[in-house]
1. Over segment 207-254, with every protein chain in place, what whole percent of the accessible area is carbon and sulfur at 1.4 Å, could you tell me?
2. How much of the accessible area of segment 1-157, in percent, comes from carbon and sulfur atoms when a 1.4 Å probe is used?
3. In debye to the nearest 20, how big a dipole does segment 200-276 give about its Cα centre with +1 on each Lys and Arg Cβ and -1 on each Asp and Glu Cβ?
4. So between ALA153 and THR185, what do we pick up on full extension, going 0.36 nm a residue minus the alpha carbon distance?
5. For the chain, build the charge dipole from Cβ charges (+1 Lys, Arg; -1 Asp, Glu) around the Cα centre, then report which of ALA264, VAL40, ILE154 sits farthest towards its positive end.
6. Across bins of 10 angstrom width beginning at 0, how are the C-alpha pair distances of segment 173-263 distributed, in whole percent?
7. For an R0 of 41 angstrom, estimate the FRET efficiency from the Cβ-Cβ distance between SER94 and TRP218 and round to the nearest 0.05.
8. How far apart, in nanometres, would the label points at LYS173 and LEU228 be if each is projected 7 angstrom from Cα along the Cα-to-Cβ direction?
Amino acid sequence: MIVGSIVGSIVAIAAAEGLLIVAMAAGWLVQRRLNNAGWVDVFWTFGVGLAGIMVALWPVADSGAASRRGLVAALVAAWMLRLGLHVALRVARSPEDLRYVAFRKEWGADFERRLFWFMQRQAWGSILFVIAIAVAAHHPAPTLRVADAIGAAILIVAIAGEWTADLQLQHFKRDPANRGRLCDTGLWSLSRHPNYFFEWFGWLAYPLIAIDLAGGYWQGFLALGAPLLMYWVVVHGTGIPPLEAHMLRSRGDAFRRYQSRTRAFFPFPKTGGNAS
């Protein structure tokens with residue numbers, strides 16, 4: 001049974017990786033046709049979501065309660081649909097994302113080739129998110145536990161928080177009185193990037209579901225890779241740094257004042273210093 005479980009898990013992860021590779025290749029073709037690389041983010045969201053649902057429901061020996069697998073698959077689907085549809089509507093209605101505009105300038109005539117391989121690296125790196133989902137879904141406990149409920153609650157709070165932050169920003173931008181102003185109300189008064197914070201926060205759900213502190217399921221610790229990777233991406237990678245660099249160039253002192261009074265990531269009142 002142990003061998004069967006290992007083989008089943010490897011096959012599931014390999015199939016998920018194949019799906020991610022195909023999804024990102026399809027995203028590259030679509031963005032090239034529409035001349036808007038923002039579609040990359042849409043295909044990433046649905047690629048990770050579909051791969052996550054697939055591994056959560058994949059039949060693996062000794063994989064615990066079927067109700068847990070269904071719960072994790074439902075959580076992934078809720079995240080995928082909320083974020084994926086939001087990003088798709090934003091991309092369809094708005095100019096190309098500033099990150100990709102910067103890439104076009106930096107990469108020049110080599111933009112399409114470099115973007116393709118950039119997206120394929122995303123496909124390979126994103127397997128950490130899928131593994132986190134898989135080890136959570138296939139925890140061997142025969143029934144649902146308190147940890148499953150807490151993990152589900154965390155992801156629900158994260159989805160609601162990110163949705164609220166996006167909605168507050170949309171309402172702020174639609175008010176003609178706010179033209180030319182920075183959104184610094186609601187959640188945006190506590191964090192300069194509350195949407196990124198709640199995206200990261202949601203990935204904490206899977207380690208909570210997966211990890212067995214009694215030591216009977218070492219695979220559960222693999223789920224820590226998801227929140228660690230997401231934190232690095234949004235705080236140190238392609239999330240906050242390029243966006244804030246653009247804001248400093250375009251808004252200057254107004255954005256510097258916003259930085260001085262508002263944390264970059266964690267949504268708490270800033271008490272001084274440069275805390276994130």
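The values are calculated or read from the model by the stated rules, or taken from the named source; none is laboratory data. Keep in mind that this is a model prediction, so the values were computed, not measured. A quick note on method: Cβ atoms are made from the backbone with ideal geometry, for glycine too, and the neighbour counts reach across all protein chains shown. Ligands, DNA and RNA are excluded from the accessible area calculation, which covers all protein heavy atoms including side chains. Shrake-Rupley method; radii C 1.70, N 1.55, O 1.52, S 1.80 Å.
1. For segment 207-254, the apolar C and S fraction of the accessible surface comes to 69 percent.
2. 73
3. Around 520 debye, computed over segment 200-276.
4. 9.0 nm
5. Positive-most Cα among the choices belongs to ALA264.
6. Whole-percent P(r) values from 0 Å outward: 15, 34, 26, 15, 8, 2.
7. My answer for the efficiency is 0.35.
8. Spacing of the two 7 Å Cα→Cβ label points: 3.5 nm.
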